[in-house]
Amino acid sequence: MQAWTQAGKNGQHLRPRTDIEISQAAELRPIIELGQDRLGIPSMHLSPYGQTKAKISLDYLAGLHDRPDGKLILVTAITPTPAGEGKTTTTIGLSDALNHIGKKALVCIREPSLGPCFGQKGGATGGGYAQVAPMEDINLHFTGDFHAIGAANNLLAALIDNHVHWGNELEIDTRRVSWRRALDMNDRALRDIVQSLGGAGNGFPREDGFDITVASEVMAIFCLASDLADLQRRLGNIIVAQTKGKDRRYVRAAELNAAGAMTALLKDALAPNLVQTLENNPAIVHGGPFANIAHGCNSVIASRAALKLADYVVTEAGFGADLGAEKFLDIKCRKAGIAPDCAVIVATIRALKMHGGVARENLTAENLAALEAGFANLDRHIGNMKKFGLPVVVAVNRFSTDSEAEIALLRDLTALQGVECILCDHWGSGGAGATDLAEAVVRLIETEKARFAPLYPDELPLADKIRTIAQEIYGAADIAIEEAARKKLAEYERQGFGTLPVCIAKTQYSFTTDPTRKGAPSGHTITVRDVRLSAGAEFVVAICGDILTMPGLPRIPAANGISVDSAGKISGLF
């Protein structure tokens, strides 16, 4: 039985401290010492960024090839709601709990983007007593990886315009330049711009725009590359434009001699980052594409490294199991040759009641009917993970307002699906609050063998791949592909890209393209309004509904509450 109390660690449930207060009070070990003691990494293969962050040498990781892989645990969640689910918190808490019960475990997650940090969602380092640290560093500049990715993206943009300015030998049609600039910030003013104004010396004016860095193809390539050589190959394959004339030939980054310089900018960033949890357990934090507009997983290099360094690796996929987990399984696992041993689906009773129709202000009241109605959302996610051949356990983040009757009902409902439901309090009690979950995960892995298989075969036509995901994962009746998008899919297949996986870009808040439709709607139509070829990342993006690749800030951004005192101590970051 797990050792947590109703009050939580230091009375966290009675007098909650903020995430940043808890993180700043933590006693962290020197990262070189921790890497040596816990993972056996020699100091010469750790490049420190201060006392509590380091990069692990790619040469050292290449030498681990013959080691057996550990067990891979995928943490995903129900469809997100404003009530909160705590997926990253659970990912970190489960890793701490596995270490707590004597297992050699390592958590492996994405780096946060500055957009959500200063926008509405906040940071992505966990919460309460289940965090990776140093929280402020990781949420802000960290080791500079995202800056390097943005610089590589914008170098390519500059080389395109420079090539056009100096004669345009490749005959690039400036009306058909598809490569956009990137910035790791929410800024709606940059979605669509006109560039090169101010005279002939500034180049040829054309329409352009910015994507947030985590939506850039460079970020996706960075997270899917297996090594430096593969990174450079993929960067060279990026399609940036089409040529003039009837043939409209694709122009690749390699033709602009861009891949080498872009790789040079990314060389140091490609090494995974080693940090620690609040309980001084090792953690790898590396890469960070969004899951609603990209594939939503940490880097392949980090995942492979973790599997060689630990017996149990806990990782997560962005947002709910319909978006992040599907892409983790159909894109990352397919390309990287890795497979999870089980899936943990995170839920809260509050969020399930919201899916059952309860307004946010009424979530604290017991409501068994709404909980049972909202269970349909969790039920579909359980079924979806089973379609991939994964054993499933449900982790329920405890809230003090959860009634005993609600907890019992949820356990009964999941039991009917042959799935164990575990109540957790890692937010309030750290690893000790999730030992029941850790023991359930170990038991599940030991007794039920995963039979992982992607949802669709490579040879299925692109439109049918989109349809398969829509029907099997989203519960849709069919898809509707707009004519321009249909023509692009046919062209991609004619050009030899038909065997690539598809990456669905849609709202994370619903199985439909309408973010207000909660629960588990079915029989709807998923409209594909555009498609984009990510030839370097090696997938095709299907843009469904109204989804933006450059978010905007909310009316009251989180940035407004952040400050720094005279001693340099940050407050307000969450």
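Every number here is computed from the coordinates shown, using simple stated rules; none is lab data. Computed from a predicted structure; not experimentally measured. Glycine gets a Cβ as well: all are built from the backbone with ideal geometry, and neighbour counts include every protein chain shown.
Numerical summary
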| quantity | calculated |
| --- | --- |
| Distance cut-off 17 Å, percentage of C-alpha pairs in the stretch 329-382 lying past it | 49 |
| Proximal aspartates and glutamates to K335, defined as alpha-carbon separation beneath 14 angstrom and excluding residues fewer than eight positions away on the same chain | D227, D230, E326, D458, E538 |
| Highest-first arrangement of 360-368, 233-241, 193-201, where packing means the average Cβ count within 10 Å | 233-241, 360-368, 193-201 |
| Dipole in debye (nearest 20) - the stretch 412-507, about Cα centre, beta carbon charges: Lys, Arg +1; Asp, Glu -1 | 440 |
| Environment charge at R191 (Cβ cut-off 12 Å; Lys +1, Arg +1, Asp -1, Glu -1) | -2 |
| Separation of the R15 and Q495 label points, Cα + 7 Å toward Cβ, nm | 6.2 |
| For the stretch 462-544, average projected area of the Cα convex hull in nm² | 5.0 |
| Residue-wise HN-Hα coupling along the stretch 139-153, computed from phi with Karplus coefficients 6.51, -1.76, 1.60 (Hz; x: Gly, Pro) | 6, 9, 7, 6, 9, x, 4, 5, 5, 5, 5, x, 5, 5, 4 |
| Dipole moment magnitude, nearest 20 debye, the stretch 462-544 about Cα centre, only Lys, Arg, Asp, Glu C-beta charged | 140 |
| Percent breakdown of C-alpha pair distances by 5 Å bin, ordered from the shortest bin, for the stretch 228-313 | 3, 12, 15, 17, 17, 13, 8, 6, 4, 2, 1, 1, 0 |
| Cβ crowding within 10 Å averaged over residues, with 327-337, 211-221 ranked highest first | 211-221, 327-337 |
| Contact order relative to length of the stretch 462-544, as percent, for alpha carbon pairs under 8 angstrom and 6 or more apart | 35 |
| Positive-pole candidate from Y474, C544, A520, dipole of the chain, charges at beta carbon | C544 |
| Karplus (6.51, -1.76, 1.60) ³J(HN,Hα), θ = phi - 60°, over the stretch 188-202, in Hz, Gly and Pro reported as x | 4, 5, 9, 4, 9, 9, 10, 10, 6, 7, x, x, 4, x, 9 |
| Rounded to 5, percent antiparallel among DSSP beta bridges of the stretch 462-544 | 45 |
| The chain: antiparallel DSSP beta bridges as a percent of all, rounded to 5 | 45 |
| Student exercise, the chain dipole from Lys, Arg, Asp, Glu Cβ charges, in Debye to nearest 20 | 720 |
| Net length gained if the chain between E366 and K386 were fully extended (0.36 nm per residue, minus Cα distance) | 4.2 nm |
| At R0 = 22 Å, FRET efficiency that the Cβ-Cβ distance of R529 and I193 yields, to 0.05 | 0.55 |
| Dipole of the stretch 148-214 [Lys/Arg +1, Asp/Glu -1 at C-beta], most positive-end residue of A148, W166, A189 | A189 |
| Calculated FRET value between E459 and Q36, using beta carbons and R₀ = 56 Å, to 0.05 | 0.75 |
| Rough spin-label spacing in nm, given labels placed 7 Å along Cα→Cβ, for S43 and A254 | 4.4 |
| Computed over the stretch 147-262, Kirkwood Rh from alpha-carbon pairs, angstrom | 14.7 |
| Nitroxide proxy distance, nm - points 7 Å out along Cα→Cβ at E171 and A405 | 7.5 |
| Per-selection Rg to Rh, the stretch 376-485 - Cα, Kirkwood hydrodynamic radius | 1.09 |
| Cross-link pairs beyond the 31 Å C-alpha cut-off, checked among K246/K506; K103/K518; K308/K387; K71/K518 | K246/K506; K103/K518; K71/K518 |
| Distant alpha-carbon pairs in the chain (separation over 30 angstrom), percent | 50 |
| Segment L140-Q417, extension gain: residue separation times 0.36 nm, minus the distance between their alpha carbons | 95.6 nm |
| Top positive-direction residue, dipole computed over the chain with Cβ charges, set T88, A225, H13 | A225 |
| Highest to lowest packing among 247-257, 124-134, 429-439, scored as the average C-beta count within 10 Å | 124-134, 429-439, 247-257 |
| The chain - mean residue ellipticity at 222 nm from DSSP helices (-39,500 (n - 2.57) per run, n ≥ 4, rounded to 500) | -9000 deg cm²/dmol |
